[in-house]
Amino acid sequence: MSFDVQALRAQFPILEQTVNGKPLVYLDNAATTQKPRAVIDAVTAYYEGVNSNVHRGAHYLSDKATAEFEAARATVADFLNADREEIIWTKGTTEGINLVAQSHGREQLQPGDEVLITALEHHANIVPWQQACERTGALLKVVPLNEDGSVDEQAYLDLLNERTRIVALSHVSNSLGTVNPLKRWLKAARDVGAVTLVDGAQAVAHFPVDVRELGCDFYACSGHKLFGPTGIGALYGRRELLDAMPPYQTGGEMIETVSFEKSTWNKLPYKFEPGTPNIAGVIGLGAAVRWLGQQDRAALSAHEDALLASATEQAGAFDGLKIIGNAATKVGVLSFLLDGAHPADVGTLLDQQGVAVRTGHHCCMPLMDSLGIPGTVRASFSIYNTLEEVDSLFQALKKVQTFL
Ligand code: 7TS
């Protein structure tokens with residue numbers, strides 16, 4: 001059976017609208033994905049019929065909310081091939097990385113230790129490490145890029161050494177779409193005894209992720225880039241490491257006992273979940289992951305590859321357009337510049353034609369510096385985009401060129 005993109009689109013109510021009198025062409029999926037009816041309904045059903053605080057156990061609704069909340073944790077654990085105690089709810093990728101940088105990083109790093117990242121990273125996978133290094137006297141080392149926007153693998157291997165305590169790598173670049181061959185890089189990091197974190201924000205919506213297969217210690221992702229709600233994310237952490245780490249934030253729920261002299265901590269995963277969590281968000285994320293699990297993921301991937309291939313081909317043939325990032329393995333992103341045009345102006349003129357893209361540095365200022373550009377225009381694709389929408393992008397870009 002062939003993949004029916006129109007049937008899939010019909011599950012995303014937001015896509016039906018017009019913007020500036022034109023059908024919406026939503027190509028800003030790396031910023032956030034749209035939500036299927038199944039997720040919207042799950043969040044509504046929670047607020048309409050279940051809303052209550054979790055883990056209080058005092059009454060019917062609280063028990064029901066707790067059961068749904070923990071069922072979502074089991075769903076996300078299965079999705080990543082982790083144990084449920086190893087899944088910590090966060091606000092998103094940013095909070096997941098901060099949790100590890102502050103709790104594990106600040107606790108473990110010593111003066112002269114090294115933290116290794118790449119020049120591709122989003123600010124969320126730079127600044128928390130920079131701060132951890134500043135506090136501890138550790139050094140932040142950065143793997144440079146090849147010209148095509150891939151990470152220089154030899155430089156990565158050369159930079160790894162016995163002082164490397166933490167390696168933090170993006171799975172997929174949000175600015176360029178580069179997919180990093182993490183399995184062998186993580187093995188090399190383990191071989192020097194480093195703890196590894198993967199920023200999976202841009203990966204989980206595009207292909208299945210198995211944290212055990214990958215061999216990472218931590219994996220951070222965001223619900224909103226995975227067809228789920230904003231304000232909720234998951235951090236996978238290997239149990240031995242999470243057990244050894246001090247709490248990131250403290251308060252109710254994360255404690256076992258409290259006295260004015262001393263407190264002791266709850267078991268995993270609750271040690272890292274102080275306060276009332278984003279219950280509706282968790283339930284929405286569980287619904288998103290279940291929904292995705294019901295799709296034919298190989299067909300979704302093939303469709304996304306076809307979108308990117310068409311975009312890359314049309315971009316290559318487009319006079320005055322330069323693609324930024326030509327790595328051999330990419331998903332979901334076409335970044336580019338138009339000769340003589342500021343990316344922000346291109347974005348505004350595309351928006352006037354109903355085409356939503358993102359422009360600027362995409363929270364990767366050091367990456368833009370290393371490429372010697374101030375920013376790009378970024379079209380990012382998802383499963384519900386169509387080949388006709390890719391054509392619309394280039395028709396709209398033709399008009400942009402005549403306006404400028
Ligand atoms: N890491 C990567 C690779 C990202 O792409 C993003 C968000 C984050 C971390 C942070 O995720 P958050 O959910 O905690 O905000 N990236 C983008 C983007 O490319 N455009 O808007 C947000």
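What fraction of the DSSP beta bridges in the chain is antiparallel, stated in percent and rounded to the nearest 5? Let's see the in-between values first.
Numbers: 27 of 46 bridges.
Percent antiparallel among DSSP bridges in the chain is about 60.
Let me check against my output: what whole-number percent is the relative contact order of the range 203-274, with C-alpha pairs under 8 Å and at least 6 apart? All intermediate terms of the calculation are to be shown ahead of the outcome.
Details: 78 pairs, mean separation 14.9, N = 72.
Relative contact order of the range 203-274: 21 percent.
Using a 1.4 Å probe on the protein chains only, how many percent of the accessible area of the range 177-308 belongs to carbon and sulfur? Kindly include the intermediate steps, with their values, before the conclusion.
Values: 2700 of 5070 Å².
Reported share for carbon and sulfur atoms: 53 percent.
Mean Kyte-Doolittle of at least 1.6 plus a Cα span of 20 Å or more along the axis: flag which DSSP H helices in the chain meet both, please. Don't skip to the answer; put the middle values down first.
Working: long enough: 60-80 (30 Å, 0.11); 279-293 (21 Å, 1.56); 297-316 (28 Å, -0.02); 387-403 (24 Å, 0.02).
Flagged H segments: there are none.
May I ask for the longest run of the chain untouched by trypsin sites (Lys or Arg not before Pro) that are loop-located per DSSP and have at most 12 neighbouring C-beta atoms (other than their own) within 10 Å? If you can, show how the numbers build up before the last one.
On the way: sites that count: Lys262, Lys267.
With trypsin sites (Lys or Arg not before Pro) excluded where exposed in loops, the chain gives 1-261 as its longest stretch.
Given springs between every Cα pair under 10 Å in a Gaussian network model of the chain, which of Gly49, Gly149, Gly286 has the largest fluctuation?
Comparing Gly49, Gly149, Gly286 in the GNM, the peak value goes to Gly49.
Sort out for me the Cα centre separation of the range 221-250 from the range 310-346, rounded to whole Å.
34
Pick from Asp305, Asp41, Asp351 the residue whose mean-square fluctuation is largest in a GNM of the chain, springs joining Cα atoms under 10 Å.
Result: Asp41 has the largest fluctuation of those listed.
Rolling a 1.4 Å sphere over the protein heavy atoms, what is the accessible area per residue of the range 41-293, to the nearest Å²? Before the final figure, lay out each step's value.
Working: 9990 Å² over 253 residues.
Roughly 39 Å² per residue, with all protein chains present.
Which of Leu109, Val192, Ala287 sits farthest toward the positive end of the charge dipole of the range 41-293, with +1 on the Cβ of Lys and Arg and -1 on the Cβ of Asp and Glu?
Ala287
If DNA, RNA and ligands are ignored and the probe is 1.4 Å, what is the ranking of Leu404, Leu393 by accessible area, most exposed first? Spell out each step's value before the answer.
On the way: Leu404 105, Leu393 0 Å².
Result, largest first: Leu404, Leu393.
For the chain, modelled as a Gaussian network with Cα springs under 10 Å, which listed residue fluctuates most, Gln102, Gln130, Gln154?
Gln154
Rank Ser2, Ser301 by accessible area, highest first, at a 1.4 Å probe radius?
Ser2, Ser301
Rounded to the nearest 500, what is the chain's calculated 222 nm mean residue ellipticity when only DSSP H runs of at least 4 contribute -39500 (n - 2.57) each, over all residues?
On the way: 14 runs with 151 residues, N = 404.
Mean residue ellipticity, 222 nm, calculated: -11000 deg cm²/dmol.
Picking from Leu235, Asn51, Leu27, whose Cα lies most toward the positive end of the charge dipole for the chain (charges on Cβ: Lys, Arg +1; Asp, Glu -1)?
In the chain, that residue is Asn51.
When the label point is put 7 Å from the Cα of Lys322 along its Cα-to-beta-carbon vector, which residues of the range 132-156 have a backbone N closer than 18 Å?
Inside the label zone: 145-150.
Rounded to the nearest Å, what's the spacing between the alpha carbon centres of the range 204-218 and the range 112-170? Just the number, please.
Each part's Cα centre sits 20 Å from the other's.
For the chain, rounded, prolate or oblate, judged on the Cα gyration tensor with a ≥ b ≥ c (square roots of eigenvalues), a/c < 1.5 rounded, else prolate if a/b > b/c? List each step's numbers first, then the result.
Details: a/c = 2.08, a/b = 1.24, b/c = 1.67.
Taking the square roots of the gyration eigenvalues as a ≥ b ≥ c, the chain is oblate.
The values are calculated or read from the model by the stated rules, or taken from the named source; none is laboratory data. Keep in mind it's a predicted model, so treat the numbers as computed, not measured. Glycine gets a Cβ as well: all are built from the backbone with ideal geometry, and neighbour counts include every protein chain shown. All accessible areas refer to the heavy atoms of the entire protein, side chains included, with ligands and DNA or RNA removed. Shrake-Rupley method; radii C 1.70, N 1.55, O 1.52, S 1.80 Å.
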